[in-house]
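Worksheet for the structure shown next.
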Amino acid sequence: MGYKVVVAGATGNVGREMLNILAERQFPVDELVPLASRRSLGTEVSFGDQTLKTKDIDGFDFTGYDIALFAIGSDATKKYAPIAAKQGCIVIDNSSLYRYDPDVPLVVPEVNPEAVDGYAKKNIIANPNCSTAQMVVALKPLHDRAKIKRVVVSTYQSVSGSGKAAIDELWDQTKGMYVPGQEVEPKVYPKQIAFNVIPHIDVFLDDGSTKEEWKMVAETKKIVDPAIKLTATCVRVPVFVGHSEAINIEFEEFLDEDEARDILREAPGIMVVDKREDGGYVTPVECVGDFATFISRIRQDSTIENGLNLWCVSDNLRKGAALNAVQIAETLGNRVLKKG
Ligand SMILES: NC(=O)c1ccc[n+]([C@@H]2O[C@H](COP(=O)([O-])OP(=O)(O)OC[C@H]3O[C@@H](n4cnc5c(N)ncnc54)[C@H](OP(=O)(O)O)[C@@H]3O)[C@@H](O)[C@H]2O)c1
């Protein structure tokens, strides 16, 4: 016997990837229901070789469903996740709404799978921010060996991290640059994204940082270790899919770059591509559609006592969202629900 699964937000970028990944990984599904807003009622979505019609989340009865994978944004999640949870369906949520709630586990299965066991307080498990998820997969095995003191990270985040409308904005603005009279004004982003970079993701906070940067700090502490100090600069770049990160790490103990490379080669969810030659590293276009978090450019930082630099790239719609959510469902299945 397998699981009765709901995918909420099935017409969105993350929801569609969830459907793909559930099928690709042969998650044991007995029944799958795709949900979205009323606007998408009847919209067809693919699940393996099946075509399913999307239902309206409003009024949907979650009773009898085991797991609901949510990717509908914080506002709609606030309305519908408590309903699903109350009706006995475990929600795995991609929005930021529950991530910092002490009664909700925040899980990256390669890092803290045991946290899943705390799901029952609210019947909700949170999926981290896309930029945090790929980073902590790399940090955890290094932290286990040499204890991380401080991380300085700069991100290069693709537009798919802002949803469907942002992908259209980059596409239309890029085309519009070449056709006089068809220029596209910024709508999703505060400035032009085509042929540009924008050092601003999510809202500004009182200390001058942005919410996206704060998320990386708070989520790393919750998932890996509250003692890790982290400072981030999050930047949107004109890439469709795939987030990149330049990560500088300071350890308590010395960690040689060769040993770090070996540790990362053995670590779950990581693929090391690190040749010191032209093209001997991974770029975002190469990671699209992949499950792995790719690590390149591993090298000592000799300006601090125990320092290391690395480059980290992953498909943000996969490890940053849909894949991690499906991995949480798998972990929940293996540790708790035990069906399939
Ligand atoms: N993209 C990423 O890299 C990423 C990473 C981590 C987390 N997330 C989170 O995942 C969520 C979805 O992101 P996305 O990129 O997939 O966005 P998206 O492509 O814009 O899709 C949004 C989805 O939510 C549905 N939706 C919106 N409002 C709704 C409502 N009131 N009731 C029911 N369904 C509603 C939409 O349905 P309709 O088609 O009917 O409008 C659509 O299926 C967000 O919370 C986002 O923060 C995204």
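The values are calculated or read from the model by the stated rules, or taken from the named source; none is laboratory data. Just so we're clear, the structure is a prediction, and the values are computed from it rather than from any experiment. FYI the Cβ positions are ideal-geometry reconstructions off the backbone, even for glycines, and counts take in every protein chain you see.
Summary of computed values
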item	result
Single unsatisfied condition, residue 122 versus (1) away from the ligand (no atom under 16 Å from the Cβ); (2) at pLDDT below 95	(2)
Boolean, residue 63 is over 19 Å from residue 337 (Cα atoms) and either crowded, with 21+ Cβ neighbours inside 10 Å or away from the ligand (no atom under 14 Å from the Cβ) (or both)	no
Test set (1) away from the ligand (no atom under 11 Å from the Cβ); (2) in contact with a Gly (Cβ under 6 Å, 6 or more places away or on another chain); (3) part of a strand (DSSP E or B) - residue 51 fails condition number	(2)
Boolean, residue 108 is in contact (Cβ under 8 Å) with a residue 40 or more places away in the chain and away from the ligand (no atom under 15 Å from the Cβ)	no
In the stretch 78-105, residue farthest from the ligand (Cβ to nearest atom) [restricted to those that are among the aromatic types (Phe, Trp, Tyr) and in a loop (DSSP other than H, G, I, E, B)]	100
Within the stretch 66-77, considering residues that are near the ligand (Cβ under 10 Å from one of its atoms) and not in a strand (DSSP E or B), the one surrounded by the most Cβ atoms within 10 Å (Cβ to Cβ)	71
Residues within the stretch 135-176 that are touching a Phe, Trp or Tyr at 6+ places or on another chain (Cβ under 9 Å) and within 16 Å of the ligand (Cβ to nearest atom), tallied	9
Evaluation of residue 86 against (1) basic (Lys, Arg); (2) without any contact (Cβ under 8 Å) to a residue 60 or more places away in the chain; (3) in contact with a helix residue (DSSP H, G or I) (Cβ under 7 Å, 6 or more places away or on another chain) (one fails), failing number	(3)
Within the stretch 259-340, strands (runs of 3 or more DSSP E) holding 1 or more residues that are among the polar types (S, T, N, Q)	293-301, 307-314
Filter result for the condition that a residue is surrounded by fewer than 23 Cβ atoms within 10 Å (Cβ to Cβ) and in contact with a Phe, Trp or Tyr (Cβ under 8 Å, 6 or more places away or on another chain), over 261, 297, 276, 318	297
Whichever residue in the stretch 33-48 is of a type in the set (Gly, Ala, Ser) and near the ligand (Cβ under 7 Å from one of its atoms) and, among such residues, is nearest to residue 69 (Cα to Cα)	36
Selection from the stretch 153-164 of residues that are crowded, with 18+ Cβ neighbours inside 10 Å and assigned to a strand (DSSP E or B)	153, 155, 156, 157
Lone unmet requirement of (1) part of a loop (DSSP other than H, G, I, E, B); (2) surrounded by fewer than 21 Cβ atoms within 10 Å (Cβ to Cβ); (3) more than 16 Å from the chain's Cα centre (by Cα) for residue 115	(1)
Test set (1) within 16 Å of the ligand (Cβ to nearest atom); (2) more than 19 Å from the chain's Cα centre (by Cα) - residue 287 fails condition number	(2)
Whichever residue in the stretch 198-244 is of a type in the set (Phe, Trp, Tyr) and under 18 Å from the mean Cα position of the chain (by Cα) and, among such residues, is surrounded by the most Cβ atoms within 10 Å (Cβ to Cβ)	214
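The rows are residues; the columns are (1) part of a loop (DSSP other than H, G, I, E, B); (2) in contact (Cβ under 8 Å) with a residue 12 or more places away in the chain.
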site	(1), (2)
150	no, yes
182	yes, no
188	yes, yes
218	no, yes
